[in-house]
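**Student:** The following block contains the structure, expressed as C-alpha coordinates.
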Amino acid sequence: MSAEEDAAAIKVQTLFRGHVSRRRVEQIKYDTARKKGQDYLQKKKIPSLLQHLFSLVTYHQPEDPNSFMLEEIQKLQKNQKTELLCDDDIDTMFEMIDITRQGYVTGTQLRHCATNLSAEVSTKIDPRHHYTKDEFRATLAAGLQTGNKWSA
(Lines give C-alpha, C1' and ligand atoms only; values in the text may rest on other atoms or scores of the structure.)
Protein backbone atom coordinates (compact mmCIF):
# COMPACT_ATOMS: atom_id res chain seq x y z
CA MET A 1 0.00 0.00 0.00
CA SER A 2 1.31 3.44 -0.87
CA ALA A 3 1.50 6.38 1.49
CA GLU A 4 -1.41 8.03 -0.31
CA GLU A 5 -3.56 4.93 0.10
CA ASP A 6 -2.62 4.71 3.79
CA ALA A 7 -3.57 8.35 4.29
CA ALA A 8 -6.87 7.83 2.45
CA ALA A 9 -7.65 4.71 4.50
CA ILE A 10 -6.86 6.55 7.75
CA LYS A 11 -9.10 9.43 6.67
CA VAL A 12 -12.00 7.06 5.89
CA GLN A 13 -11.52 5.22 9.19
CA THR A 14 -11.42 8.51 11.09
CA LEU A 15 -14.60 9.75 9.40
CA PHE A 16 -16.36 6.44 10.05
CA ARG A 17 -15.31 6.33 13.70
CA GLY A 18 -16.43 9.93 14.11
CA HIS A 19 -19.78 9.12 12.49
CA VAL A 20 -20.31 6.10 14.75
CA SER A 21 -19.25 8.11 17.76
CA ARG A 22 -21.62 10.97 16.87
CA ARG A 23 -24.45 8.50 16.31
CA ARG A 24 -23.74 6.91 19.70
CA VAL A 25 -23.81 10.32 21.42
CA GLU A 26 -27.08 11.22 19.67
CA GLN A 27 -28.60 7.89 20.76
CA ILE A 28 -27.52 8.50 24.37
CA LYS A 29 -29.07 12.00 24.31
CA TYR A 30 -32.29 10.56 22.84
CA ASP A 31 -32.40 7.73 25.41
CA THR A 32 -31.79 10.17 28.26
CA ALA A 33 -34.56 12.51 27.09
CA ARG A 34 -36.95 9.59 26.58
CA LYS A 35 -36.15 8.23 30.07
CA LYS A 36 -36.73 11.66 31.63
CA GLY A 37 -40.08 11.89 29.84
CA GLN A 38 -41.11 8.41 30.98
CA ASP A 39 -40.04 9.15 34.57
CA TYR A 40 -42.09 12.36 34.55
CA LEU A 41 -45.20 10.57 33.23
CA GLN A 42 -44.86 7.80 35.82
CA LYS A 43 -44.22 10.25 38.66
CA LYS A 44 -47.35 12.22 37.76
CA LYS A 45 -49.31 8.96 37.19
CA ILE A 46 -50.42 10.10 33.74
CA PRO A 47 -50.72 6.61 32.15
CA SER A 48 -53.12 5.37 34.84
CA LEU A 49 -55.15 8.60 34.67
CA LEU A 50 -55.52 8.24 30.90
CA GLN A 51 -56.38 4.57 31.27
CA HIS A 52 -59.08 5.52 33.80
CA LEU A 53 -60.50 8.22 31.52
CA PHE A 54 -60.45 5.95 28.47
CA SER A 55 -62.18 3.20 30.45
CA LEU A 56 -64.92 5.61 31.47
CA VAL A 57 -65.36 6.87 27.91
CA THR A 58 -65.43 3.35 26.51
CA TYR A 59 -67.98 2.21 29.07
CA HIS A 60 -70.31 5.23 29.00
CA GLN A 61 -69.79 6.14 25.31
CA PRO A 62 -70.90 9.77 25.72
CA GLU A 63 -71.97 11.91 22.76
CA ASP A 64 -69.22 14.41 23.57
CA PRO A 65 -66.23 12.46 24.94
CA ASN A 66 -64.12 15.60 25.42
CA SER A 67 -66.71 17.28 27.66
CA PHE A 68 -67.25 14.01 29.47
CA MET A 69 -63.52 13.62 30.22
CA LEU A 70 -63.33 17.25 31.30
CA GLU A 71 -66.21 16.68 33.74
CA GLU A 72 -64.47 13.60 35.12
CA ILE A 73 -61.21 15.52 35.58
CA GLN A 74 -63.14 18.27 37.37
CA LYS A 75 -64.68 15.65 39.67
CA LEU A 76 -61.21 14.37 40.43
CA GLN A 77 -59.96 17.89 41.16
CA LYS A 78 -62.79 18.29 43.68
CA ASN A 79 -61.91 14.86 45.15
CA GLN A 80 -65.30 13.52 44.12
CA LYS A 81 -65.56 9.84 43.34
CA THR A 82 -66.07 8.61 39.80
CA GLU A 83 -67.76 5.33 39.00
CA LEU A 84 -67.03 2.92 36.23
CA LEU A 85 -69.90 0.57 37.03
CA CYS A 86 -73.43 1.33 38.24
CA ASP A 87 -75.51 -0.73 40.71
CA ASP A 88 -77.28 -2.55 37.88
CA ASP A 89 -73.91 -3.74 36.56
CA ILE A 90 -72.88 -4.99 39.99
CA ASP A 91 -76.26 -6.73 40.41
CA THR A 92 -75.73 -8.45 37.06
CA MET A 93 -72.31 -9.66 38.22
CA PHE A 94 -73.90 -11.02 41.40
CA GLU A 95 -76.50 -12.92 39.37
CA MET A 96 -73.78 -14.32 37.11
CA ILE A 97 -71.86 -15.61 40.12
CA ASP A 98 -74.95 -16.89 41.98
CA ILE A 99 -75.81 -19.40 39.26
CA THR A 100 -77.80 -21.61 41.65
CA ARG A 101 -79.98 -18.62 42.64
CA GLN A 102 -79.40 -19.14 46.36
CA GLY A 103 -79.44 -15.39 46.99
CA TYR A 104 -75.85 -15.24 48.19
CA VAL A 105 -72.25 -15.71 47.10
CA THR A 106 -69.35 -16.91 49.20
CA GLY A 107 -66.63 -14.63 50.47
CA THR A 108 -64.18 -16.44 48.22
CA GLN A 109 -66.32 -15.64 45.18
CA LEU A 110 -66.60 -12.02 46.28
CA ARG A 111 -62.83 -11.77 46.79
CA HIS A 112 -62.17 -13.23 43.32
CA CYS A 113 -64.64 -10.78 41.79
CA ALA A 114 -63.00 -7.84 43.61
CA THR A 115 -59.55 -9.01 42.52
CA ASN A 116 -60.61 -9.41 38.88
CA LEU A 117 -62.14 -5.92 38.89
CA SER A 118 -59.14 -4.41 40.71
CA ALA A 119 -61.57 -3.14 43.34
CA GLU A 120 -59.86 -1.72 46.39
CA VAL A 121 -61.98 -3.34 49.08
CA SER A 122 -61.43 -1.75 52.48
CA THR A 123 -63.41 -4.28 54.52
CA LYS A 124 -62.08 -7.74 55.27
CA ILE A 125 -63.84 -10.37 53.20
CA ASP A 126 -64.56 -13.50 55.20
CA PRO A 127 -64.25 -16.51 52.86
CA ARG A 128 -66.81 -18.48 54.95
CA HIS A 129 -69.43 -15.72 55.03
CA HIS A 130 -72.36 -15.77 52.63
CA TYR A 131 -72.81 -12.30 51.07
CA THR A 132 -76.26 -11.20 49.94
CA LYS A 133 -76.76 -9.08 46.86
CA ASP A 134 -76.88 -5.90 48.99
CA GLU A 135 -73.67 -6.81 50.83
CA PHE A 136 -72.03 -7.77 47.54
CA ARG A 137 -73.05 -4.45 45.97
CA ALA A 138 -71.95 -2.40 49.00
CA THR A 139 -68.56 -4.11 49.21
CA LEU A 140 -67.77 -3.83 45.51
CA ALA A 141 -69.28 -0.38 44.91
CA ALA A 142 -67.03 1.24 47.49
CA GLY A 143 -63.99 -0.46 45.99
CA LEU A 144 -64.90 0.46 42.43
CA GLN A 145 -65.30 4.17 43.05
CA THR A 146 -62.16 5.96 42.05
CA GLY A 147 -61.04 9.00 43.94
CA ASN A 148 -58.26 11.31 42.88
CA LYS A 149 -55.14 9.21 43.17
CA TRP A 150 -53.36 11.19 40.48
CA SER A 151 -52.66 14.41 42.34
CA ALA A 152 -49.08 15.00 43.26
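**Student:** Could you name every one of the helices (runs of 4 or more DSSP H) located completely within segment 36-99 that has at least 1 residues being of a type outside the set (F, W, Y) and within 18 Å of T115 (Cα to Cα)?
**Tutor:** Working: elements: 46-60, 65-77, 87-97.
In segment 36-99, 46-60, 87-97 are the helices (runs of 4 or more DSSP H) which contain 1 or more residues that are of a type outside the set (F, W, Y) and within 18 Å of T115 (Cα to Cα).
**Student:** Which members of segment 105-142 meet the condition of being under 19 Å from D88 (Cβ atoms) and open to solvent by 40 Å² or more (accessible area, probe 1.4 Å)?
**Tutor:** Matches in segment 105-142: N116, L117, T132, K133, D134, E135, R137, A138, A142.
**Student:** Check off (1) modelled with pLDDT under 90; (2) more than 30 Å from D126 (Cβ to Cβ) for T92 and give me the number that stays unchecked.
**Tutor:** All conditions pass for T92, except number (2).
The values are calculated or read from the model by the stated rules, or taken from the named source; none is laboratory data. Owing to the predicted nature of the structure, the values given are computational and were not obtained by experimental measurement. Here the Cβ is made from the backbone with ideal geometry for all residues, glycine too, and neighbour counts use every protein chain on show. These area figures cover heavy atoms from the full protein model, side chains too; ligands, DNA and RNA do not enter into them. Shrake-Rupley method; radii C 1.70, N 1.55, O 1.52, S 1.80 Å.
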